[in-house]
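Beneath this line is the structure, given in structure tokens, with notes to follow.
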Amino acid sequence: MNIDQVQKVAVLGAGSMGHQISMLCALGGYETYLQDIDGKALDKAKSTLESRMNEWVKKNKITEDEKNTAFSRLQLTTDLETAVSEADLVIEAVVEKLDVKREIFSKLEKLAPKHAVLATNSSTIVNSKIADVTTRPEKVINMHFFFPPLVMDCVEIVKSDQTSDETAQVAMAFCERLDRTGVLLEKEIYGFIANRLLFALSNEAIYLYENGYADFKDIDLIAKKALSHPLGPFELADLSGIDVGYYANLQLYEETGDSKDKPARSIEEKVKQGNLGRKTGRGWYDYTKGAVMK
Ligand SMILES: NC(=O)c1ccc[n+]([C@@H]2O[C@H](COP(=O)([O-])OP(=O)(O)OC[C@H]3O[C@@H](n4cnc5c(N)ncnc54)[C@H](O)[C@@H]3O)[C@@H](O)[C@H]2O)c1
């Protein structure tokens with residue numbers, strides 16, 4: 001299989017990541033299905049994308065015609081079979097829970113064409129943890145887009161020791177067609193590269209905050225002023241979703257059993273309170289009274 005044989009794409013999960021990945025695919029010229037078990041998530045995806053693309057037209061990033069053509073390529077469904085039965089590439093972007101992803105891939109084994117590349121957008125889970133529910137691990141790969149995918153250029157492409165070179169080449173070439181920079185990791189490692197660097201930073205930030213060395217706002221301020229980071233670690237957590245980091249940590253802790261990998265107390269509290277960041281209006285910062293980021 002080569003990149004020219006990829007015509008139809010299915011993106012599973014219409015949350016923060018999936019809806020934007022599906023739009024990228026449609027803008028890149030691919031017949032795309034966006035699937036979610038929750039019809040409301042699809043409705044939200046549609047209205048968010050419409051206003052986002054209207055903004056792009058206003059800013060001359062795309063023409064009205066390009067917008068309309070992209071939307072004509074994008075279809076939304078709650079039915080997995082409809083989404084994947086003719087797909088050449090499936091990108092799974094559902095909630096960061098291993099059991100949910102494994103269940104989906106076992107369904108893909110039955111529903112997706114034999115030749116299809118099956119990718120997961122997981123932030124942390126290596127594809128071999130999922131691929132063993134299929135009989136085609138050579139077709140399974142990580143395609144890790146970054147938030148927000150309509151803006152962020154980088155995609156980590158991660159091979160397991162069973163992923164074929166052909167699958168990796170298709171994934172890399174697909175990124176190029178979407179005008180994204182694919183970066184290939186030859187070997188799996190939990191969290192890949194970017195998130196491992198990020199975890200190290202955010203774990204240290206939480207340690208400093210929970211032990212009273214400085215307020216979280218001041219830790220953010222130092223990251224921005226002293227290290228030239230565009231966002232502080234707490235602002236970034238709010239932007240990408242505190243629950244996303246929480247589940248990623250939980251997954252790591254389940255794997256290693258190492259107490260240093262356990263989600264931090266303050267993060268667990270926020271998840272229990274439903275204060276997940278920008279998407280819920282409150283996280284480390286309060287977004288209900290207007291923007292607070294410096
Ligand atoms: N948010 C980020 O910054 C980010 C960045 C890179 C990668 N990721 C990864 O992308 C994936 C999705 O993250 P998100 O932030 O978009 O999550 P999200 O919570 O915003 O969205 C998840 C969506 O998956 C849907 N879903 C749940 N179970 C499903 C199923 N069985 N079939 C179809 N849809 C289902 C939910 O209804 C929801 O709409 C995760 O694996 C995450 O690790 C997230």
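Taking each residue of region 11-38 that is over 10 Å from Ala93 (Cα atoms) and looking for partners that are basic (Lys, Arg) and not in a helix (DSSP H, G or I) with beta-carbon atoms closer than 8 Å, six or more apart or interchain, yields Leu24/Arg180; Tyr30/Lys8; Glu31/Lys8; Thr32/Lys8; Tyr33/Lys8. Identification of strands (runs of 3 or more DSSP E) wholly contained in region 114-184 with 1 or more residues that are more than 14 Å from the ligand (Cβ to nearest atom) and in contact with a strand residue (DSSP E or B) (Cβ under 8 Å, 6 or more places away or on another chain) yields 117-120, 140-145.
A Cβ distance below 9 Å, combined with a sequence gap of six or more or placement on separate chains, defines the contacts here; from region 89-110, residues that are free of Cβ contacts under 8 Å to residues at least 24 places away in the same chain reach residues that are open to solvent by 20 Å² or more (accessible area, probe 1.4 Å) and within 10 Å of the ligand (Cβ to nearest atom) in the pairs Val100/Val94.
Evaluating Glu86 against the criteria (1) more than 20 Å from the chain's Cα centre (by Cα); (2) open to solvent by less than 10 Å² (accessible area, probe 1.4 Å) leaves one unmet condition, (2). Take the conditions (1) among the hydroxyl-bearing types (Ser, Thr, Tyr); (2) more than 17 Å from the chain's Cα centre (by Cα); (3) within 14 Å of the ligand (Cβ to nearest atom); Ser228 misses just one of them, which is (3). Counting the residues of region 89-103 that are buried (at least 21 other Cβ atoms within 10 Å of the Cβ) and within 11 Å of the ligand (Cβ to nearest atom) gives 6. If we scan region 252-259, do we find a residue that is modelled with pLDDT under 95 and closer than 20 Å to Phe146 by Cα? Yes, region 252-259 contains a residue that is modelled with pLDDT under 95 and closer than 20 Å to Phe146 by Cα.
Wholly within region 1-96, which helices (runs of 4 or more DSSP H) include no fewer than the required count, namely at least 3 residues that are farther than 30 Å from Ile242 by Cβ and touching a helix residue (DSSP H, G or I) at 6+ places or on another chain (Cβ under 6 Å)?
Ranges flagged: 64-73.
Being without any contact (Cβ under 8 Å) to a residue 12 or more places away in the chain and charged (D, E, K, R) is not true of Glu66.
For region 117-129, what are the residues that are free of Cβ contacts under 8 Å to residues at least 60 places away in the same chain and surrounded by fewer than 24 Cβ atoms within 10 Å (Cβ to Cβ)?
Lys129
Taking the condition out of contact with any Lys or Arg (no Cβ under 7 Å at 6 or more places or on another chain), assigned by TED's automatic domain parsing to the domain that holds His115 and open to solvent by 70 Å² or more (accessible area, probe 1.4 Å), does Lys58 pass? Spelling it out, Lys58 is indeed out of contact with any Lys or Arg (no Cβ under 7 Å at 6 or more places or on another chain), assigned by TED's automatic domain parsing to the domain that holds His115 and open to solvent by 70 Å² or more (accessible area, probe 1.4 Å). When each of Asp38, Asp65, Asp43 is tested for being open to solvent by 50 Å² or more (accessible area, probe 1.4 Å) and either near the ligand (Cβ under 10 Å from one of its atoms) or within 17 Å of Asn121 (Cβ to Cβ) (or both), the lone residue that passes is Asp38.
The values are calculated or read from the model by the stated rules, or taken from the named source; none is laboratory data. Keep in mind that this is a model prediction, so the values were computed, not measured. Please note: Cβ atoms are built from the backbone with ideal geometry, for glycine as well, and neighbour counts cover all protein chains shown. With ligands, DNA and RNA removed, areas are computed over all heavy atoms of the protein, side chains included. Shrake-Rupley method; radii C 1.70, N 1.55, O 1.52, S 1.80 Å.
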